[in-house]
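The values are calculated or read from the model by the stated rules, or taken from the named source; none is laboratory data. Being a predicted model, the structure only gives us computed values, none of them experimental. Here the Cβ positions follow ideal geometry from the backbone for every residue, glycine too, while neighbour counts run over all protein chains shown. Quick note on the areas: whole protein, heavy atoms, side chains included, nothing else; ligands and nucleic acids left out. Shrake-Rupley method; radii C 1.70, N 1.55, O 1.52, S 1.80 Å.
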Amino acid sequence: QKQTAIITGASSGLGLNAAKALAATGEWHVVMACRDFLKAEKAAKAIGMPSGSYSILHLDLSSLESVRQFVANFKATGRRLDALVCNAAVYLPTAKEPRFTADGFELSVGTNHLGHFLLTNLLLDDLKNAPNKQPRCVIVGSITGNTNTLAGNVPPKANLGDLSGLASGVTVANPMMDGQEFNGAKAYKDSKVACMMTVRQMHGRFHESTGVTFASLYPGCIAETGLFREHYGVFKTLFPPFQKYVTKGYVSEEEAGRRLAQVISDPKLNKSGAYWSWSSSKGSFENQVSEEVADDAKAAKLWDLSAKLVGLS
Ligand code: NDP
């Protein structure tokens, strides 16, 4: 049996292009974990993924019940699991009011962080039992959550504060993790901080006992993906050329997909706990995370609160 990778949010952008890159090697079967089956099927065909190189399983990360059902459905396929890639995300930069998941969590944190948190915990044993000697769990991070960078310093900056909002469930009463007023762009950045912290916690808690490599990455600014679908029109027009010619952080969807596929499968990128980035001169390199992401005491608190919210403790 080929190696299997599950990629969440593989119906567009980074996830779709990583799925394509892996499938093209002939060594991987990709399980596209998507909330819109038809969209995923059309996208896979349009991008030229050979039939048989992928399957699509329904997953809506904005419902914990759907996450549990997905895990049951995946296990029922009897497939091995060599790589789990938490890639799906929503970004609501123009939202005036918060939106919520089926379980009542603010949508960005609920989808990008809590849904994936439950998913990775429920699939950890399958990864551990992978016949592949290098099982991997990758959660996509972002430069915008790393305040040690220029992009991470564009306000509103990520900051989980005292986690009091998360402690009260990121619900209508208190939708932000830091307990402050709702801000859609910040909620996204905070969720990415939580993703990168989760990777570091998983590394500390499980790497030695399971042999799984846990990693995060910033693939570059993929300025044309669906991530910006809710942004203002003028932003969507100006952002790609700005990234191409001013910041030079622009990367095509195809190249970003190759980078993610590299973190999933390249024997050289097997360091657990790492956060990968790319530069045009060096290629992939291990990057530094911000002080907050590196705060392991805060990350442990984040872990405990998240486990409670998704019903793991
Ligand atoms: P896209 O919007 O193109 O892809 C996001 C994917 O997530 C889509 O497939 C979408 O599904 C899926 N998704 C959203 N909500 C859910 C849900 N509730 N359940 C299941 N799937 C869901 O954006 P990108 O490809 O740009 O984003 C991919 C990752 O890359 C994200 O983690 C993002 O944070 C990260 N990233 C992106 C950067 C960029 O510049 N674009 C930079 C740094 C990181 P559907 O197709 O049905 O909407």
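Under the condition of being of a type in the set (A, V, I, L, M, F, W, C) and within 12 Å of the ligand (Cβ to nearest atom), which residue from the stretch 129-157 is farthest from Asp190 (Cα to Cα)? Break it down stepwise before answering.
Residues of the stretch 129-157 that are of a type in the set (A, V, I, L, M, F, W, C), as a first pass: 130, 137-140, 143, 150-151, 154.
After this cut, where a residue has to be within 12 Å of the ligand (Cβ to nearest atom) as well, the list is 138-140, 143, 151.
Values: Val138: 18, Ile139: 14, Val140: 13, Ile143: 11, Ala151: 14 Å.
Per the stated criteria, the residue is Val138.
State whether one or more residues within the stretch 38-45 are away from the ligand (no atom under 13 Å from the Cβ), out of contact with any Leu (no Cβ under 9 Å at 6 or more places or on another chain) and either touching a residue at least 40 places away in the same chain (Cβ under 8 Å) or not hydroxyl-bearing (Ser, Thr, Tyr) (or both). So that I can check it myself, show each step before the final result.
So the first thing to find is which residues in the stretch 38-45 are away from the ligand (no atom under 13 Å from the Cβ), and the list is 45.
With the extra rule that they be out of contact with any Leu (no Cβ under 9 Å at 6 or more places or on another chain), the set shrinks to 45.
Next cut, either touching a residue at least 40 places away in the same chain (Cβ under 8 Å) or not hydroxyl-bearing (Ser, Thr, Tyr) (or both) only: 45.
Yes, there is a match, as at least one residue in the stretch 38-45 is away from the ligand (no atom under 13 Å from the Cβ), out of contact with any Leu (no Cβ under 9 Å at 6 or more places or on another chain) and either touching a residue at least 40 places away in the same chain (Cβ under 8 Å) or not hydroxyl-bearing (Ser, Thr, Tyr) (or both).
Can you name every residue in the stretch 162-189 that is open to solvent by 30 Å² or more (accessible area, probe 1.4 Å) and either without any contact (Cβ under 8 Å) to a residue 24 or more places away in the chain or not β-branched (Val, Ile, Thr) (or both)?
Asp162, Ser164, Ala167, Ser168, Ala173, Asn174, Gln180, Glu181, Phe182, Asn183
Hey, can you tell me all the residues within the stretch 190-214 that are crowded, with 18+ Cβ neighbours inside 10 Å, more than 22 Å from Tyr91 (Cβ to Cβ) and of a type outside the set (Phe, Trp, Tyr)?
Once the filter is applied, which keeps residues that are crowded, with 18+ Cβ neighbours inside 10 Å, more than 22 Å from Tyr91 (Cβ to Cβ) and of a type outside the set (Phe, Trp, Tyr), the stretch 190-214 yields Arg200, Gln201, Met202, His203, Thr210, Val212, Thr213.
Looking for something more than 12 Å from the ligand (Cβ to nearest atom), of a type in the set (S, T, N, Q), out of contact with any Lys or Arg (no Cβ under 6 Å at 6 or more places or on another chain) and touching a residue at least 24 places away in the same chain (Cβ under 8 Å) - is there at least one such residue anywhere in the stretch 240-249?
Checking the stretch 240-249: not a single residue is more than 12 Å from the ligand (Cβ to nearest atom), of a type in the set (S, T, N, Q), out of contact with any Lys or Arg (no Cβ under 6 Å at 6 or more places or on another chain) and touching a residue at least 24 places away in the same chain (Cβ under 8 Å).
Need the failing condition index for Tyr245 against (1) part of a loop (DSSP other than H, G, I, E, B); (2) at pLDDT below 90, just the number.
Unmet condition: (1).
Mind checking which residues of the stretch 75-90 are open to solvent by 40 Å² or more (accessible area, probe 1.4 Å) and either in a strand (DSSP E or B) or not charged (D, E, K, R) (or both)?
Hits for the stretch 75-90 are Ala76, Thr77, Gly78.
Report yes if some residue within the stretch 11-29 is under 14 Å from the mean Cα position of the chain (by Cα), open to solvent by 30 Å² or more (accessible area, probe 1.4 Å) and within 11 Å of the ligand (Cβ to nearest atom); otherwise report no.
Yes: one or more hits.
Tell me which residues, restricted to the stretch 46-63, are open to solvent by 20 Å² or more (accessible area, probe 1.4 Å) and either farther than 30 Å from Val170 by Cβ or near the ligand (Cβ under 10 Å from one of its atoms) (or both).
Within the stretch 46-63, Ala46, Ile47, Gly48, Pro50, Ser51, Gly52, Tyr54, Ser55, His58, Asp60, Ser62, Ser63 qualify.
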